[in-house]
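Everything below concerns the one structure shown next.
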Amino acid sequence: MSTHETCVKVSLAERSYDIRIGTGLLSEVGPSLRGLGFSGRVGVVTNPVVRRLYGPAVMRSLRSAGYDALAIVVPAGERAKCLRGVWTILDELATARFERGSVLVALGGGVIGDLAGFAAAIFARGLPFVQVPTTLVAQVDSSVGGKTGVNHPLGKNLIGAFHQPRLVLVDPRTLTTLPAREWVAGLAEVIKYGMIADDAFFAYLEQHMRALLRLEEGPVIRAITRSCQIKASVVEEDERESDRRRILNYGHTVGHALEALGGYRRLAHGEAVAIGMVQEADLSRHLGHCSGEVVARQRALVSEAGLPVCLSRVTFSDLWAAMQHDKKVTQGRVYCVLPERIGAVTIAPLERSAVKQWFDQRHRKHATEGSGGVT
Ligand code: NAD
Ligand code: GLY
């Protein structure tokens, strides 16, 4: 282990695995697979951007460890997260005669992890797979917890399976090539962990946001490690999202609605989650679950990260209608994660009339302050 390497265990009985976080771990992919006892072929699923940046290091590591490694390249971007993308992977695996002893490596952001994980879940009734996430969203969220899948024209992530990885290898150095907008979008998920589970971590983020924005190694590794610890403990308690895991959707009820209203083009996922968290906290205050101080502290941190906070140019009826299409709607009721204080949340059904009253009050307040949209 390098001085800065940390390890988080996800304890799920026979599906347990480690999340290793440390600078330089990309060159450890081959030895790590050996350490897990894999002896068959290795398929590395990636996209052209990540392949160019990190493909050589990963392939070198695998080949030095004696593996016959095949790169499987799908197009970059959310549009590749579809059944056609899965088919491309399955087709390459079948043509190259991959079999049960083979393993897949997902090298890329959340799109690659979700796609490769789903292909691994269904090829030959299940191949093992290893996550090597290269975006902040993937390093703190999507690579951990076993949700895999693709989008359907009628819904994001509508087709999928739970399939836990056998290992997650996080090399924070990959974040240095990430476009600034993607890096900042990932910070929304990091802030989310502080809000839902750990007030001390939230305070740490308040103190170190500038260092994080400068990508300082120590704070970055600490932020990724604590985020993964929180996600791991939630997943250990409720792997299949029957109850507690729903707290990970904080900011997503409004966030997903905004993403859908923007045609998944206007806002990055993390930006939508940032606005969602700010608005859901304010709704929580309106409903009497938390104080204005909670709303203000979160809003200040989200803004300092450079994330958006405003619900601009959205009407209540569009927002409410989009919220009804969320996958987390249960028996026709919209459930929302609402902060009680920094580090603690509750989950409650939303009444249309109460949300409309909140929305109208916010809109009126903002209109009297003199600009369009709702803050
Ligand atoms: P992404 O995978 O699309 O990556 C963003 C962009 O960054 C891509 O264009 C990619 O090519 C590029 N990129 C990746 N790594 C890079 C690097 N190191 N340097 C330069 N460019 C790099 O987006 P994302 O934000 O990582 O993931 C979003 C996806 O993750 C969504 O589909 C979302 O639904 C999914 N997700 C899944 C879970 C889960 O639990 N499974 C959780 C959160 C999000
Ligand atoms: N990203 C939410 C979850 O993994 O449950």
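Over the chain, Cα pairs under 8 Å with separation of 6+ residues give a relative contact order of 14 percent.
At R0 = 30 Å, how high is the FRET efficiency between Glu14 and Leu83 if r is their beta carbon distance? Nearest 0.05 is fine. It comes to 0.55. Measuring r between the beta carbons of Glu5 and Asp91 and using R0 = 56 Å, the FRET efficiency lands at 0.90.
Taken along the Cα-to-beta-carbon direction at a fixed 7 Å, the label points for Ala321 and Glu99 span 5.5 nm. Each Cα pair under 8 Å and six or more residues apart adds its separation to the average, and for the stretch 1-49 the resulting relative contact order is 26 percent.
Toward the positive end of the charge dipole of the chain, with +1 on the Cβ of Lys and Arg and -1 on the Cβ of Asp and Glu, the farthest Cα among Phe316, Gly262, Gly24 is that of Gly262. Across the chain, the longest piece that holds none of the GluC sites (Glu not before Pro) lying in DSSP loops with up to 14 other C-beta atoms within 10 Å covers 217-350. Which shape class applies to the chain: rounded if a/c is under 1.5, otherwise prolate when a/b exceeds b/c and oblate if not, where a ≥ b ≥ c are the square roots of the Cα gyration tensor eigenvalues? Verdict is prolate for the chain.
Karplus-derived 3J(HN,Hα) values for the stretch 237-252, using 6.51 cos²θ - 1.76 cosθ + 1.60 with θ = phi - 60°, are 6, 8, 4, 9, 6, 8, 8, 4, 4, 4, 5, 5, 8, 4, x, 8 Hz; glycine and proline are entered as x.
Among the trypsin sites (Lys or Arg not before Pro) in the stretch 261-314, those located in a DSSP loop and surrounded by at most 10 other Cβ atoms within 10 Å of their own Cβ are Arg265, Arg313. For the pair Thr176 and Leu213 in one chain, pulling the backbone fully straight at 0.36 nm per residue adds 12.2 nm over the alpha carbon distance.
Note on Val73 and Arg266: the model spin-label points, each 7 Å out from Cα along the C-beta direction, lie 3.5 nm apart. Determine the distance separating the Cα centre of the stretch 142-207 from the Cα centre of the stretch 327-357; give it in Å without decimals. Using only Cα atoms to place each centre, the spacing works out to 22 Å. In this structure, Arg240 and Ser353 have a Cβ-Cβ separation that, at R0 = 35 Å, corresponds to a calculated FRET efficiency of about 0.60.
Each reported figure results from applying straightforward, stated rules to the coordinates on display, with no laboratory input. On a predicted model such as this, the values are computed, not experimentally measured, just so you know. All Cβ positions, glycine included, derive from the backbone under ideal geometry; neighbour counts span all protein chains shown.
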